[in-house]
1. Give a residue-ordered list of calculated ³J(HN,Hα) values for the stretch 59-70 (Karplus: 6.51 cos²θ - 1.76 cosθ + 1.60, θ = phi - 60°; whole Hz; x for Gly, Pro).
2. Around Ala20, with a cut-off of 13 angstrom between Cβ atoms, what is the net charge of the other residues, counting Lys and Arg +1 and Asp and Glu -1?
3. HN-Hα J couplings of the stretch 83-91 from phi, Karplus 6.51/-1.76/1.60, θ = phi - 60°, integer Hz, Gly and Pro as x?
Amino acid sequence: VIVGTLAGRIGRRNGSLLTASIMVAGAAALVLASLLLAGNFNNDDNNNNEDSGRPDVLFMVMSAALFIFGIGVGGEYPLSASLASERAMSAMKERRRLEEQQEQDRSRTNASSSLAATELMSSRLLTAGNDDGNSNEVKG
């Protein structure tokens, strides 16, 4: 909810970049925690003097890192869904506009072809009377 409100103010693209950055930060914290804090948890007699790591600290750090990563993922899903929805709607509007334009072009083509056919037929009828030797003129 917080990320969605923030994304509404800064823009969806910037909000998506923000949530991706939060996810990267959480993932990096998870990796660093596992590399730095996950020592050898075996408490063998051979390893008593080595740093054995502390599972309670690792658990707390990884829980916090997963929480941060979850905020990023939880913000990214609704933003990407709304962005996809907006793009689909704009594509649908563009498709509808093109279909209307094609329909208008078809109407103009039909009208002009009808006029052309009518003109050709009427000129053919006028010239057909002259070809027979019959004149369309009234003799007085």
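1. So the Karplus estimates, Gly and Pro as x, are 4, 5, 5, 5, 5, 5, 5, 5, 4, 4, 4, x Hz.
2. +1
3. Result, rounded to whole Hz: 5, 5, 5, 5, 5, 5, 5, 5, 5.
No value in this document is a laboratory result; all are computed from the given coordinates. Given the structure is predicted, the values throughout are model-derived calculations rather than measurements. Don't worry about glycine lacking a Cβ; one is built from the backbone with ideal geometry, like all the others, and counts go over all protein chains shown.
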